[in-house]
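Student: Have a look at this one.
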Amino acid sequence: MIDMEKTSERLQDHLRMLTQTIGERSVLLPKNLKKTQEYIEKFYQDMDIPVHCESYPYRNYTVANVVAEISFCDTPKKHFLLGAHYDSVAGTVGADDNASAIAVQLETARQLNALKDNRELDLAVKFVSFTLEEPPAFGTRHMGSRVYAKKAWKEKEQIDGMICLEMVGYTCHDPGCQNYPFPLMFLGYPKQGDFIGIVGNLSSKGFTEGLYRAFCENPDLPVVKLTVPLGGYLLPSVRLSDHSSL
């Protein structure tokens, strides 16, 4: 069983570290990017989860994606990736975008790691904390997830499903507070932002449906889903994160 009280405290601890102790994590503050990288890496080290950093040059300094992996058997048949970017928009501490997602990523790793000795699962989960998702790197070859995707493609890495955690900490309960891009506002989605949204492309429809069914088992957390055709290019706003790189 997950101790929800302790998990909530840990999530808040991560948020305080990322947004208050470290603060802004943009390209303008490379020292803070480095501190965040080291914080994430140390979390996995302290949990005895295999972790390494994949560094690359940007401007006149070095940045890195942090990669950790939990395998439940020696030769798993299924390989999944849980990604989230750890940088923030310049001038902000990025509490929702995207410290909230890093907090969830780390605590998901904690819970999965606790299952290693108790459950035989034929899978491996890789946790990748991406650097440089925000402008001016977004959409360029310097974007952390693009660097990772290029390497994964070159090495023919098996990825059976990827979950990109993005801005998972904000909630709005006022009726009408949730906005949508055209034409989603006409398709019956909730009018208030108190749900988790799962968005996938057509080739990932089965994966999206499986995640949706799993989330529906928790009635305390509403969930909606959306499958978009043509890689989401007809609805550009759904491509505004690291999943567009993979």
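Student: Modelled with pLDDT of 95 or more, within 20 Å of V104 (Cβ to Cβ) and in the same structural domain as E133 (by TED's automatic domain parsing): does that describe E24? Write out each step before concluding.
Tutor: Values: modelled with pLDDT of 95 or more: yes; within 20 Å of V104 (Cβ to Cβ): no; in the same structural domain as E133 (by TED's automatic domain parsing): yes.
Criteria not met by E24.
Student: Does A95 meet the test of being more than 18 Å from D46 (Cβ to Cβ), of a type outside the set (D, E, K, R) and within 11 Å of the chain's Cα centre (by Cα)? If you could, list the steps in order and put the result at the bottom.
Tutor: On the way: more than 18 Å from D46 (Cβ to Cβ): yes; of a type outside the set (D, E, K, R): yes; within 11 Å of the chain's Cα centre (by Cα): no.
No, not satisfied.
Student: When you go through E38, E24, E5 one by one, which is the residue that is without any contact (Cβ under 8 Å) to a residue 60 or more places away in the chain and closer than 22 Å to C164 by Cα? Let's see the steps before the verdict.
Tutor: Values: E24 fails: without any contact (Cβ under 8 Å) to a residue 60 or more places away in the chain; E5 fails: closer than 22 Å to C164 by Cα.
Exactly one of E38, E24, E5 is without any contact (Cβ under 8 Å) to a residue 60 or more places away in the chain and closer than 22 Å to C164 by Cα, namely E38.
Student: On to the next question. Would you confirm, using the coordinates I've provided, whether E157 is touching a residue at least 40 places away in the same chain (Cβ under 8 Å), within 19 Å of A68 (Cα to Cα) and either among the polar types (S, T, N, Q) or part of a loop (DSSP other than H, G, I, E, B) (or both)?
Tutor: Working: touching a residue at least 40 places away in the same chain (Cβ under 8 Å): yes; within 19 Å of A68 (Cα to Cα): yes; either among the polar types (S, T, N, Q) or part of a loop (DSSP other than H, G, I, E, B) (or both): yes.
Yes; evaluated as a whole, the condition is true for this residue.
Student: Go through T62, T75 for me and flag whichever is in a strand (DSSP E or B), surrounded by fewer than 23 Cβ atoms within 10 Å (Cβ to Cβ) and either among the β-branched types (V, I, T) or assigned by TED's automatic domain parsing to the domain that holds H243 (or both). Reasoning before the result, please.
Tutor: On the way: T75 fails: in a strand (DSSP E or B).
Being in a strand (DSSP E or B), surrounded by fewer than 23 Cβ atoms within 10 Å (Cβ to Cβ) and either among the β-branched types (V, I, T) or assigned by TED's automatic domain parsing to the domain that holds H243 (or both) holds for just one of T62, T75, which is T62.
Student: Would you pick out the residues in the range 49-59 that are crowded, with 16+ Cβ neighbours inside 10 Å and either outside the structural domain of E120 (by TED's automatic domain parsing) or out of contact with any strand residue (DSSP E or B) (no Cβ under 7 Å at 6 or more places or on another chain) (or both)?
Tutor: Of everything in the range 49-59, just one residue is crowded, with 16+ Cβ neighbours inside 10 Å and either outside the structural domain of E120 (by TED's automatic domain parsing) or out of contact with any strand residue (DSSP E or B) (no Cβ under 7 Å at 6 or more places or on another chain) (or both), namely Y58.
Student: Continuing with the same structure: Inside the range 139-154, can you point out the residues that are surrounded by 20 or more Cβ atoms within 10 Å (Cβ to Cβ) and in a loop (DSSP other than H, G, I, E, B)?
Tutor: M143
Student: Here is a further query. Looking at the range 1-35, which of its residues are touching a strand residue (DSSP E or B) at 6+ places or on another chain (Cβ under 8 Å), assigned to a helix (DSSP H, G or I) and surrounded by 19 or more Cβ atoms within 10 Å (Cβ to Cβ)?
Tutor: L33
Student: Oh, and also: Which of the numbered conditions does V223 fail, given that it passes all the others? Conditions: (1) loosely packed, with under 13 Cβ neighbours inside 10 Å; (2) of a type outside the set (S, T, N, Q); (3) modelled with pLDDT of 95 or more.
Tutor: Single failed check for V223: (1).
Student: Let me ask you something else. For the range 160-197, what are the residues that are of a type outside the set (F, W, Y) and either in contact (Cβ under 8 Å) with a residue 40 or more places away in the chain or closer than 24 Å to C53 by Cβ (or both)? Steps first, answer last, please.
Tutor: Of the residues in the range 160-197, the ones of a type outside the set (F, W, Y) are 160-169, 171-179, 181, 183-185, 187-188, 190-194, 196-197.
Passing the criteria: D160, G161, M162, I163, C164, L165, E166, M167, V168, G169, P181, L184.
Student: If you don't mind, another one. G231 is checked against (1) in a helix (DSSP H, G or I); (2) on the phi < 0 side of the Ramachandran plot; (3) at pLDDT below 90 and fails just one. What number does that condition carry?
Tutor: Result: G231 fails condition (2) only.
Student: For the range 160-204, give me the residue count where each residue is outside any helix (DSSP H, G or I) and farther than 30 Å from V93 by Cα. Walk me through it before giving the result.
Tutor: First, pick out the residues of the range 160-204 that are outside any helix (DSSP H, G or I): 160-183, 187-201.
Adding the requirement that they be farther than 30 Å from V93 by Cα leaves 160, 183, 187-188, 201.
Of the residues in the range 160-204, 5 are outside any helix (DSSP H, G or I) and farther than 30 Å from V93 by Cα.
The values are calculated or read from the model by the stated rules, or taken from the named source; none is laboratory data. Keep in mind that this is a model prediction, so the values were computed, not measured. Cβ coordinates were reconstructed from backbone atoms using ideal geometry, including for glycine residues, and neighbour counts include every protein chain displayed.
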